[in-house]
Amino acid sequence: MEIEKQVKIVLIDDHKLFREGVKRILEFESAFKVIAEGDDGSEAPKLVRENQPDVVLMDINMPNINGIEATADLVRLFPKTRIIILSIHDDESYVTHALKTGAQGYLLKEMDANSLIEAIKVVSEGGSYLHPKVTHNLVREYRRLSKETGQGSDLVNIKFQKPLHILTKRECQVLQLIAEGKSNRAVAESLYISEKTVKNHVSNILQKMNVNDRTQAVVTAIRKGWVEVI
């Protein structure tokens, strides 16, 4: 029997209670192991060098060196390390800056346990993950800027049409709700189905659309006019 390889995690956040909460969530997942923690971005290079984690969970607001600066240092020194930013800010400027710096994920601290677990799994496997609310805000802002500048008019004026040639009716519903910023749990509640069923639908959607993660699925769906964005 093949033993599942654990994802090694370094957690950096200056709020000890928040760190303890995250650690408790991850302790229930045999696939994850928090191997080190710190309370400032200045510790990031040393922690990564000594522990060689697969994923770093990094707070964006810290007293000496913030998460964005620390991410830039890690990307330069340890380019293979995957970084997920933890933040209270859902403003697209924060998200864009973090992604441009080299982070592969961006989670709001209001996240539920399932979003945290899903984000770590996706990012550790080479994908990217944005908190559902963040994804929706980014897409909405992009469309607003496109309308104001006249750029991307093909995206703005594209006709909405469900991709029934690829997805089932239920999968179209799930894709629409994901684009609206709903988590798996919220999708399940909206459609009166189990969260496990939602996860199966999401996996089928990613496979059929030939994308690696939810963010790519939403962006592709927007470009093709497969979902409506309010």
Pairs of alpha carbons in the range 1-128 whose separation is greater than 19 Å (percent): 41
Sites residue 6 and residue 49 - FRET efficiency at Förster radius 22 Å, r taken between beta-carbons, to 0.05: 0.65
All-pairs Cα distance distribution in the range 82-140, expressed in whole percent, bin size 5 Å: 4, 21, 34, 27, 13, 1
Rounded FRET efficiency, nearest 0.05, which uses the C-beta distance separating residue 31 from residue 80 and R0 of 22 Å: 0.70
Bridge type composition, the chain - antiparallel percent by DSSP, nearest 5: 0
Taking the range 161-230 and dividing mean pair separation by its residue count, relative contact order in percent (alpha carbons under 8 Å, at least six apart): 40
Accessible surface, 1.4 Å probe, highest first, among residues 162, 169: 169, 162
Solvent-accessible ranking of 28, 78, largest area first, probe 1.4 Å: 28, 78
The range 196-221 and the range 48-87: distance between their alpha carbon centers, rounded to Å: 27
Per residue, in Å², the accessible surface of the chain once ligands and nucleic acids are set aside, probe 1.4 Å: 54
Linear extension gain, residue 195 paired with residue 220, 0.36 nm per residue minus alpha-carbon span: 6.6 nm
Relative frequency of Cα-Cα separations exceeding 17 Å in the range 49-124, percent: 40
Spin-label model distance (nm) - residue 69 vs residue 113, 7 Å beyond Cα toward Cβ: 3.6
Whole-number percent relative contact order across the chain, with pairs defined as alpha carbons under 8 Å at least 6 apart: 14
For Rg and Dmax of the Cα atoms in Å, calculated from these coordinates, the label among (i) 16.1, 47; (ii) 18.3, 58; (iii) 20.9, 64: (ii)
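The values are calculated or read from the model by the stated rules, or taken from the named source; none is laboratory data. Please read all numbers here as calculations on a predicted model, not as lab measurements. Methodologically, a virtual Cβ is constructed for each residue, glycine included, from the backbone with ideal geometry; neighbour enumeration extends over all protein chains shown. Side chains included, ligands, DNA and RNA excluded: accessible areas come from the protein's heavy atoms. Shrake-Rupley method; radii C 1.70, N 1.55, O 1.52, S 1.80 Å.
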